[in-house]
Amino acid sequence: MALVIVNEGESIESALRRFKRRVQSEDIIRDYKKHTFYLKPGEKRRLKSALARKRNRKKARRNEM
């Protein structure tokens with residue numbers, strides 16, 4: 001959980017900036033998006049293999065150049 005204490009004399013904008021940086025560094029948003037919906041195990045497996053195929057095609061294109 002990201003916690004930012006606003007220091008005396010610090011503007012809200014700078015505290016918000018520090019909060020956003022902390023949330024991003026702790027991968028809170030990525031974790032939230034991962035848990036927003038449920039994937040059946042078969043769908044998760046298909047998605048994983050599709051991403052692997054995409055990654056391999058990208059590597060192959062990069063090696064051709």
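Okay, here's what the table says:
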read-out	value
Within segment 36-63, tally of residues that are of a type in the set (A, V, I, L, M) and assigned to a loop (DSSP other than H, G, I, E, B)	1
Inter-residue pairs, beta-carbon under 9 Å, first over 23 Å from residue 2 (Cα atoms) and in segment 29-41, second surrounded by 10 or more Cβ atoms within 10 Å (Cβ to Cβ) and of a type outside the set (Asp, Glu), 6+ apart	39/47
Near pairs, Cβ below 7 angstrom, 6+ apart or cross-chain, from segment 1-14 (farther than 20 Å from residue 29 by Cα) to any residue that is aliphatic (A, V, I, L, M) and surrounded by 12 or more Cβ atoms within 10 Å (Cβ to Cβ)	6/15
Complete set of residues in segment 1-35 that are modelled with pLDDT of 90 or more, in a helix (DSSP H, G or I), among the charged types (D, E, K, R) and surrounded by 10 or more Cβ atoms within 10 Å (Cβ to Cβ)	17, 18, 20, 21, 22
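The values are calculated or read from the model by the stated rules, or taken from the named source; none is laboratory data. None of these values were measured; they are calculated from a predicted model. So basically every Cβ, Gly included, is an ideal-geometry build from the backbone, and we count neighbours across all protein chains shown.
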